[in-house]
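Let me begin by presenting the structure, written as structure tokens, before commenting on it.
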Amino acid sequence: MTLVTGATGFVGSALVRQLLAEGAAVRIVRRETSALDLLGDAADRVEHAVGDVTDADSVYAAMEGAETVYHVAAMVAFAPHARERMRAANVAGTAHVVDAALEAGVGRLVHTSSIAALGRTVRPAAVIDEATVWRLSPANTAYAVSKRDAEREVQRGVAEGLDAVIVNPAVVFGPGRSGEGTVALAERVAAGRVPLAPPGSTAVVDVEDVATGLRLAHARGATGERYVLAAETLSWAEVLGTLARATGAEPPRRTAPPWLLTAAGALAEVGAAVTRSEPALTRATAQNASATYRYDGSKATRDLGLSYRPFSETARRLAASLGREW
């Protein structure tokens, strides 16, 4: 039996579909209120364990009889009022999964982390990869710190005898749920609502390649190792321009100066604090979008055999899912 947490989300649902396609028996952990739309008909072909990674008892119950565990569940948040809940999901939730896996004697745990857990500096110089040493920096968001601390829980499990491996996906794109994550960004681009491009860069990867990378990490990854899943490092102007061309929209014609992004982030933080919502931009994310970060995803290709789709292909798939294929 293969157990998947976060199975109703963007990456988790893609993973579940791939696991079913290869004939795996899958059990998912989900909340009672979780939307099942991303799973589609796969929702009827998996065993459902109702629970939450923040509830240790439900995790222990779901783990019974599992041979492989894919821990994908996580919370992404940047609003200060959400930090406590995010740490409960990302750090304490991972600790629950690790402890339950140890007790159940699972064969292997594959943990989904993030490139954010590798750490960022205000003035990046070197290429960031699996060997990058975390450094204290204002460029590391609360989300990044929570994912770094979650990895520490996994490494603690390895020290206690758990066979576990970690993958660190870049910014994940692909068809998904309207209004969420990078799909929301693509929708704004398609509607012509992104007039300026941030001046920095980041790494991108297709959601299907992340799901494949998780399965390859299970099959071929070395215990305790990290694997960055990053297809390409692109400027934000290139990311937005590619999305615009795929959806038939006008690409951003100008680059936003860093001070403008920071000011917009500060205003968005104030608005989010008043409405208790998630800001579309914060000062920290504005700072990161203004810096040039370069990531190396070649270890996953070399050691796991992962092949990456070009971002142009991902953008076309995403555009088609929005009904905007050009």
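Can you tell which of 282, 295, 307 lies farthest toward the positive end of the dipole of segment 277-323, using +1 and -1 charges on the Cβ of basic and acidic side chains (Lys, Arg; Asp, Glu)?
Positive-most Cα among the choices belongs to 307.
Out of the trypsin sites (Lys or Arg not before Pro) in segment 263-320, which ones are loop residues according to DSSP with at most 16 other C-beta atoms within 10 Å?
Values: sites: 276, 283, 294, 299, 302, 316, 317; in loops: 276, 294.
Passing sites in segment 263-320 are 276, 294.
Under a Cβ-only charge scheme (Lys and Arg +1, Asp and Glu -1), can you give me the dipole magnitude of segment 50-122 about the Cα centre, in debye to the nearest 20? Present the calculation step by step, with values, prior to reporting the outcome.
On the way: 5 positive and 8 negative charges, 108 e Å.
Magnitude of the dipole: close to 520 debye.
Return 86, 63, 1, 75 ranked ascending by Cβ neighbour count within 10 Å, so the fewest neighbours appear first. Numbers along the way, then the final one.
Numbers: 86 21, 63 24, 1 15, 75 18.
If I rank by nearby Cβ atoms, fewest first, I get 1, 75, 86, 63.
Using a 7 Å offset from the Cα along the Cα-to-Cβ direction at both residue 301 and residue 276, what is the distance between the two label points in nm, to one decimal?
Label at residue 301, label at residue 276, 4.8 nm between them.
Where does the chain land at 222 nm, in deg cm²/dmol rounded to the nearest 500, when only DSSP H runs of n ≥ 4 count, each adding -39500 (n - 2.57), divided by all residues? Could the numbers behind the result be given before it?
Numbers: 11 runs with 128 residues, N = 326.
So the calculated ellipticity at 222 nm is -12000 deg cm²/dmol.
What size of dipole, in debye to the nearest 20, comes out for the chain about its Cα centre when the only charges are +1 on Lys and Arg C-beta atoms and -1 on Asp and Glu C-beta atoms? Mind dumping the intermediate values first?
Numbers: 34 positive and 36 negative charges, 261 e Å.
Here the chain has a charge dipole of around 1260 debye.
Restricting to the chain, compute how many DSSP beta bridges are antiparallel as a %, nearest 5. Let's see the in-between values first.
Numbers: 4 of 35 bridges.
Looking only at bridges with both residues in the chain, the antiparallel portion is about 10 percent.
Calculate one ³J(HN,Hα) per residue across segment 70-82 by plugging θ = phi - 60° into the Karplus curve 6.51 cos²θ - 1.76 cosθ + 1.60, and present them in order as whole Hz with x for glycine and proline.
With coefficients 6.51, -1.76 and 1.60, one gets 9, 9, 10, 4, 6, 10, 10, 8, 10, 6, x, 5, 9 Hz.
With a 10 Å cut-off between alpha carbons and a GNM built on the chain, which of 127, 29, 172 moves the most?
Among 127, 29, 172, the largest mean-square fluctuation in the Gaussian network model of the chain belongs to 127.
Counting just the Cα atoms, what span does the chain cover along each of its three principal axes? Round to the nearest Å and put the largest first.
55, 44, 42
HN-Hα J couplings of segment 165-176 from phi, Karplus 6.51/-1.76/1.60, θ = phi - 60°, integer Hz, Gly and Pro as x?
Karplus values, whole Hz, x for Gly and Pro: 9, 10, 10, 10, x, 6, 5, 9, 10, x, x, x.
Which listed residue (150, 192, 161) has the Cα farthest towards the positive end of the charge dipole for segment 150-210, taking +1 on Lys and Arg C-beta and -1 on Asp and Glu C-beta about the Cα centre?
192
Mind checking the dipole of segment 1-152: about its Cα centre, +1 per Lys or Arg Cβ, -1 per Asp or Glu Cβ, Debye to the nearest 20? Kindly include the intermediate steps, with their values, before the conclusion.
Working: 15 positive and 18 negative charges, 166 e Å.
With Lys and Arg at +1 and Asp and Glu at -1, about 800 debye.
Taking the beta-carbon count within 10 Å as an exposure proxy, list 134, 236, 259 from fewest neighbours to most. Can you show the working numbers first?
On the way: 134 15, 236 21, 259 10.
Sorted ascending by nearby Cβ count, the order is 259, 134, 236.
Values quoted throughout were computed directly from the atomic coordinates according to the rules given, and no laboratory measurement underlies them. Bear in mind that the values here come from a model prediction, so they are computed numbers and not experimental data. Neighbour counts are summed over all protein chains in view; Cβ atoms, including those assigned to glycine, are modelled from backbone coordinates with ideal geometry.
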